[in-house]
């Protein structure tokens with residue numbers, strides 16, 4: 001039988017606020033345990049949560065970017081469950097009236113396959129703390145630094161039909177939240193993690209099969225492995241006459257398989273109700289418009305613009321817009337040159353600069369060569385002052401210096417010699433000194449041309465303009 | 001409400017309840033649910049649901065870090081701490 005896979009993703013993006021969603025505690029990653037957990041985060045009696053305006057703005061920002069409805073009025077609810085890293089005994093979340101609903105995101109995968117994925121909703125909630133199960137003589141250690149960190153849970157429609165589509169969607173969303181500056185998207189630190197709802201059904205059937213939920217996937221690779229494993233597992237259960245139990249499963253990266261989290265099912269009785277400590281959040285049109293005005297240009301639109309305005313190839317445009325910092329860098333360079341330099345800039349950024357950053361293990365925001373420095377270098381390459389090889393030498397020098405390219409060219413005397421008269425004079429002397437080779441060339445042994453170019457280069461210590469030499473040679477050696 | 005439901009709810013809230021008191025809880029909780037059922041019968045057509053009795057909207061706080069580290073103060077009242085962590089009975093994952 002042919003089976004169809006159906007996947008929906010719930011993605012938790014940690015919002016990049018300075019303080020927590022309901023308290024004035026810091027959200028800095030990696031602080032000593034419990035030093036960023038105040039009375040509100042600890043759930044001490046008598047405290048009152050007050051909502052962080054920036055978290056609201058960020059949620060609206062995402063909502064606008066995915067063309068969703070922004071609720072003019074939304075409500076926080078308590079999601080009740082018992083766990084020691086949740087001190088209040090409930091998580092403040094949103095249930096019936098989320099801040100964002102009914103959005104969509106276009107994804108692209110496998111070279112040019114495109115599809116629009118529905119986003120059911122995105123709601124604000126607080127994160128829980130962290131449980132450490134090792135090394136406490138039979139007890140569990142609790143760190144509440146993460147408790148109260150703002151999260152945006154983004155829930156897709158069951159529109160995804162393969163692990164590859166799921167990864168494409170997740171990557172697109174990951175890129176988007178970072179473009180918008182609302183999340184650092186750091187997956188190692190848990191700032192962007194995913195639960196996958198997976199089911200299969202016979203091809204052609206419209207009713208969904210029973211689904212399982214795979215929890216807490218924190219890398220693209222794990223999402224792919226977990227979904228592939230789970231799909232195979234469900235198909236083999238069904239084909240051997242069994243049925244799928246709706247349950248929560250955990251992915252074990254070491255074994256590459258998903259396992260049932262038995263006994264957790266009853267915890268799904270969350271008994272949601274509106275949180276009486278928080279009043280309804282009302283967003284007026286002016287607030288939403290103010291957020292809209294500050295939205296950055298979105299990656300897809302920017303990519304199209306790089307192609308249509310600058311003539312970049314789709315492949316280069318994709319790479320340059322993958323991260324906002326790269327696209328910003330590129331734009332600064334091209335603004336001080338002109339659109340004709342687009343291809344040159346792309347080549348240098350994706351070649352030399354990418355290699356340099358890779359070697360130094362640096363993000364482009366910490367690049368040793370600023371966009372102004374690179375622009376200065378490429379300007380001299382464009383106007384013929386530098387040859388490709390000399391430009392690489394200047395590039396290397398720029399990576400250790402705050403000087404601009406012109407100063408380095410000046411200091412090191414790296415200007416390419418394009419002075420036709422000087423080159424011609426040197427060439428004449430060389431031709432006169434090697435009559436034998438001139439004869440050979442005229443007799444059809446054109447390889448000898450390389451010998452003359454080499455001799456001229458030697459005379460100018462490698463700085464003569466190769467185009468000028470070639471043009472002169474062609475003229476002088478032509479019969 | 002049945003005894004089983006009382007046990008279930010108590011378990012969800014991790015409340016230890018006395019077996020002999022379950023019948024009383026069931027009766028009292030049923031009375032509360034009856035009251036809710038009675039309210040549910042009121043015709044609320046056209047009435048906007050009320051999330052909060054206060055006729056106000058949520059005030060928003062600027063995104064500023066205002067809390068300072070008071071871990072040692074908060075941990076004074078914890079039964080057990082170690083290396084800055086609160087220690088609790090082992091939870092099986």
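Just so it is clear, none of the values below were taken in a lab; they were calculated from the coordinates. Every value quoted in this text rests on a predicted model; they were computed, and no experiment measured them. Because the Cβ atoms are built from the backbone with ideal geometry, glycine has one as well, and the counts that use them run over all protein chains shown.
For chain A, the relative contact order is 14 percent, taking Cα pairs closer than 8 Å that sit 6 or more residues apart in sequence and dividing their mean separation by the residue count. Computed over chain B with a Gaussian network model linking Cα atoms closer than 10 Å, the most mobile of B:51, B:67, B:37 is B:67. The value of relative contact order for chain B, using C-alpha pairs under 8 Å at least six residues apart, is 16 percent.
Taking the 0 to 90 degree range and rounding to the nearest ten, how far is the long axis of helix A:448-459 tilted relative to the main principal axis of chain A, both from C-alpha atoms? So the inclination is approximately 90 degrees. Can you classify chain B as rounded, prolate or oblate using the Cα gyration tensor, where a ≥ b ≥ c are the square roots of its eigenvalues, rounded means a/c under 1.5, and otherwise it's prolate if a/b beats b/c and oblate if not? Here chain B falls in the oblate category. Of A:66, B:47, the sequence from fewest to most neighbouring Cβ atoms within 10 angstrom is B:47, A:66.
Cβ crowding within 10 Å, taken as a proxy for footprinting-reagent exposure, orders A:169, A:81 from fewest neighbours to most as A:81, A:169. Taking a ≥ b ≥ c as the square roots of the eigenvalues of the alpha-carbon gyration tensor, region A:312-351 is classed oblate because a/c is 1.5 or more while a/b is no larger than b/c.
Label zone of residue A:451 (point 7 Å out along Cα→Cβ, amide N under 15 Å): in region A:462-479 this covers A:477.
When the helices in the protein assembly as shown are scored as -39500 (n - 2.57) per DSSP H run of 4 or longer and the sum is shared across all residues, what 222 nm value do you end up with, to the nearest 500 deg cm²/dmol? Spell out each step's value before the answer.
Numbers: 19 runs with 218 residues, N = 572.
Helix contribution divided over all residues of the protein assembly as shown: -11500 deg cm²/dmol.
In terms of the Cα gyration tensor, with a ≥ b ≥ c the square roots of its eigenvalues, is region A:320-405 rounded because a/c is under 1.5, prolate because a/b exceeds b/c, or oblate? Oblate, since a/c reaches 1.5 and b/c is not below a/b.
Using only Cα atoms, tell me the angle between helix A:163-180 and the longest principal axis of chain A; keep it within 0 to 90° and round to the nearest 10. Once rounded, the angle reads 80 degrees. In terms of surrounding Cβ atoms within a 10 Å radius of their Cβ, A:210, A:258 rank from fewest to most as A:210, A:258.
Defining a contact as two alpha carbons under 8 Å apart and six or more residues distant in sequence, what relative contact order in percent does region A:6-47 show? Mind showing how you got there, number by number?
On the way: 20 pairs, mean separation 10.4, N = 42.
The normalised contact order for region A:6-47 reaches 25 percent.
The Kirkwood radius of the protein assembly as shown, taken over pairs of alpha-carbon atoms, gives through the Stokes-Einstein law at 25 °C and 0.890 mPa s a diffusion coefficient of 85 µm² s⁻¹.
For region A:279-320 and region A:21-89, what is the separation of their C-alpha centers, rounded to whole Å? The distance from the Cα centre of region A:279-320 to that of region A:21-89 comes to 27 Å.
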